[in-house]
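Throughout, read-outs are computed from the coordinates displayed, never taken from laboratory work. None of the values given here were measured: they were computed from a predicted structure. Here the Cβ positions follow ideal geometry from the backbone for every residue, glycine too, while neighbour counts run over all protein chains shown.
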Amino acid sequence: MINLAVFASGKGSNLNSILQKSFSGNLNAKVEIVISNRTQCGAFELADRYGIKKITVSDSEKEGAISYSELEVLFTEREIDLIVLAGYLKKLPESLVNNFKNKVINIHPALLPSFGGKGMYGMNVHTAVFSKSCQVSGATVHFVDNIYDNGKIIAQRCVDISDAESPEEIAQRVLEVEHELLPYVIQKFSDNKVIIGSDRVRVLN
Ligand code: GRF
């Protein structure tokens, strides 16, 4: 069993998929903390519903929020094994990323390295994919480094979008795949099956 800290800014459907798989015994991981830059969001509603510690974080002083450096202390105290960005819209500070190297992962709703980088989040991604007339899209789970959507790729899943009529339709299809891919990768970490080689990342069967 590994301990997770999950960052989310939005509705938290990826957090929900992790929680449901964890509660049903299909994922050997426990969500210890949910962190957001917002004081109210779907992810926090989930945390409340399931009695999970929730924390608001801010890089400027904000009432009721803690700093990223305080958060780092908490990660150590709570023995966090893996930090999961599940729809977190802020960039993490370099110190956190460096101090937890290879322990921070993100899910991105496209096939990186295409359609990533600053500003490429949410519907912006799917609109760009649609307007390029891409025939496939998908989801990517990757390590987080200090550049947006740049870290090494751990796993990807493709989705056929050749008949998609709108960016919204692409978003819906990709999200379904995300809900399977992220718990799959977390389970691989739990099983010590994510191998970081000097050349590439390998996920063992
Ligand atoms: C997902 O599409 C994820 O890939 C992206 O942000 C979205 C979060 O959705 N990083 P949700 O809040 O988990 O529903």
Phi-derived 3J(HN,Hα) across the stretch 30-37 with the Karplus relation (6.51, -1.76, 1.60, θ = phi - 60°), rounded Hz, x for Gly and Pro, is 10, 7, 7, 9, 10, 10, 9, 7
How large is ³J(HN,Hα) for each residue in the stretch 103-110, as worked out from phi by the Karplus curve 6.51 cos²θ - 1.76 cosθ + 1.60 (θ = phi - 60°), to whole Hz, x for Gly and Pro? 10, 10, 10, 9, 10, 10, x, 7
Given Cα pairs under 8 Å that are at least 6 residues apart, what percent is the relative contact order of the stretch 1-100? 36
Report relative contact order for the stretch 107-205 in percent, whole number only (criteria: Cα-Cα under 8 Å, sequence separation at least 6). 27
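Which FRET efficiency value, to the nearest 0.05, do you get for Glu70 and Asp191 by plugging their Cβ-Cβ distance into 1/(1 + (r/R0)^6) with R0 = 35 Å?
Calculated value: 0.65.
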DSSP-loop chymotrypsin sites (Phe, Trp or Tyr not before Pro) across the stretch 126-205, with at most 16 other Cβ within 10 angstrom: Tyr148
Residue by residue through the stretch 165-178, what is 3J(HN,Hα) from phi via Karplus (6.51 cos²θ - 1.76 cosθ + 1.60, θ = phi - 60°)? Round to whole Hz and write x for glycine and proline. 9, 7, x, 5, 5, 4, 4, 5, 5, 5, 4, 4, 6, 4
When the helix-only estimate is applied to the chain (DSSP H runs of n ≥ 4, each -39,500 (n - 2.57), divided by the residue count), what is the mean residue ellipticity at 222 nm, nearest 500 deg cm²/dmol? -10500 deg cm²/dmol
Less than 20 Å from a label point 7 Å out along the Cα-to-Cβ axis of Asn146: which backbone N atoms in the stretch 100-126 qualify, by residue? 100-106, 117-119
Just flag the GluC sites (Glu not before Pro) in the stretch 157-205 sitting in loop per DSSP whose Cβ has no more than 14 other Cβ atoms within 10 Å. Glu165
Pull up all non-local amide H partners of Phe7: gap of 5 or more, or a different chain, and H-to-H distance under 5 Å with H placed in the peptide plane. Ile35, Val84, Leu85, Ala86
How long is the chain along each principal axis, judged by its Cα atoms, biggest number first, in Å? 48, 38, 34
What are the principal axis extents of the Cα atoms in the stretch 1-100, in Å, biggest first? 38, 27, 20
Rounded to the nearest 5, the percent of DSSP beta bridges in the chain running antiparallel is 45
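Semi-axes, largest first, in whole Å: what does sqrt of 5 times each Cα gyration tensor eigenvalue give for the stretch 107-205?
That gives 25, 15, 10 Å for the three semi-axes.
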Answer with one residue from Ser137, Val174, Gly197: the one whose Cα lies farthest towards the positive end of the charge dipole of the stretch 129-197, charges on Cβ with Lys, Arg +1 and Asp, Glu -1. Gly197
Shape of the stretch 10-60 from its Cα gyration tensor (a ≥ b ≥ c, root eigenvalues): rounded if a/c is under 1.5, otherwise prolate when a/b > b/c, or oblate? prolate
